[in-house]
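Shown next, in structure tokens, is the structure this report addresses.
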Amino acid sequence: MEFSANQFLNRQDLEDAIKVQVGTEIEENRKAGHLILGTREELKKLHLSDTSLVFGIKVVATDITTTQILADKIAEEKKKK
């Protein structure tokens with residue numbers, strides 16, 4: 001199941017929806033491959049990032065990932081040297 005970050009006003013609303021729709025069993029949610037999707041800005045509103053898990057559900061940034069941001073910073077630092 002996929003949860004879209006833009007459908008929730010706050011983190012509590014998201015957690016309540018997860019509890020009702022898939023439950024809070026971390027290992028079961030991880031194995032099922034459930035996802036929370038949203039842009040970095042939408043995730044920030046829910047106090048999440050693409051390095052977060054909620055009840056075992058992976059959070060995915062749909063615009064730019066933390067990995068890409070770090071890679072860009074490293075490349076920028078190398079250019080300065």
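Points worth noting:
- Residue tally, condition over 19 Å from A17 (Cα atoms), under 11 Å from the mean Cα position of the chain (by Cα) and hydroxyl-bearing (S, T, Y), over the range 40-75: 4
- Boolean, I36 is out of contact with any strand residue (DSSP E or B) (no Cβ under 7 Å at 6 or more places or on another chain) and not basic (K, R): no
- Scanning the range 46-76 for residues that are closer than 14 Å to E15 by Cβ and not in a loop (DSSP other than H, G, I, E, B) yields L53, V54, I57, V59.
- Within the range 19-42, being among the small types (G, A, S) and not in a strand (DSSP E or B) holds for G23, A32, G33.
- Selection status of V54, in contact with a His (Cβ under 7 Å, 6 or more places away or on another chain) and hydrophobic (A, V, I, L, M, F, W, C): no
- Hits in the range 1-51 (condition: among the acidic types (D, E), exposed (fewer than 11 other Cβ atoms within 10 Å of the Cβ) and under 22 Å from T66 (Cβ atoms)): E2
- Whenever a residue of the range 54-81 is aromatic (F, W, Y), its partners that are surrounded by 12 or more Cβ atoms within 10 Å (Cβ to Cβ) and modelled with pLDDT of 95 or more, lying with C-beta atoms within less than 7 angstrom and at least six residues away or across chains, give the pairs F55/I18; F55/T24; F55/I26; F55/N29.
- Taking the criterion of being among the hydrophobic types (A, V, I, L, M, F, W, C), without any contact (Cβ under 8 Å) to a residue 40 or more places away in the chain and not in a helix (DSSP H, G or I), the residues of the range 1-18 that qualify are M1, F8, L9.
The values are calculated or read from the model by the stated rules, or taken from the named source; none is laboratory data. All values derive from a computational prediction rather than experimental measurement. Ideal geometry is used to build each Cβ from the backbone, glycine not excepted, and the neighbour counts take in all protein chains shown.
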